[in-house]
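Worksheet: the structure to be examined is printed underneath.
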Amino acid sequence: MSSKIEQLIDEIEEFIDTCKYQPLSKTNIIVNKEEIDGYLRELRMKTPDEIKRYQKIISNKEAILNDAKRKAEELINEATVHTNELINEHEIMQQAYAQANEVVTLATHQAQEILDNATIEANNVRAAAMQYMDDILANLESIITQSMDSAAAHYQGLFSSLGKYNEIIKANRNELHPVEDDDLESVVLDDGQGDDNIDLM
């Protein structure tokens, strides 16, 4: 099932495909500024909802871990009760301690296994949600960049609007992949080099 953003991206692609080429050009197209502005406004409204949707998926990690901890505590409590029963019921204390330690060890292993599986599952959900959102943002960024390049010469107002929206998307992607302080300088340098390669036609 595709997201609202993906559906809107498809509509933008279809709109771009229907645009006519400029006279004597096979790369530059004539874009209806009012119509493309409408698509951009709709993207601005839907993007926060989509981000919240995937943040909710990521937040499920806490619910999974809490459930695993609760089950682990229940197992340990049961083991403790069983240990007390063994001590009270058996005349030989050493045998009671041996059996109790075996139960506690088994419960601890089971609890650790539940926690490990829950952590792996939660991390997989989080990674999948972040990758999916990053793919959507990357695709959207690519479409907007292409639109900016093809329409910049004749639609300066449209170019400015797309540029602001492109910055919002980059900021969203940066939030998904926080940059360490030590890597900040190299990221700034890389961004600067990328800007030098933009061809505004």
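Taking Gln95 as the residue in question, decide whether it is within 28 Å of Asp10 (Cβ to Cβ) and either modelled with pLDDT of 85 or more or more than 15 Å from the chain's Cα centre (by Cα) (or both).
In short, no.
Looking at (1) within 27 Å of the chain's Cα centre (by Cα); (2) free of Cβ contacts under 8 Å to residues at least 60 places away in the same chain, find the lone condition where Ala129 falls short.
(2)
The values are calculated or read from the model by the stated rules, or taken from the named source; none is laboratory data. This is a predicted model, so every value here is computed, not measured. With ideal geometry, Cβ positions are generated from the backbone for all residues, glycine too; neighbour counts draw on all protein chains shown.
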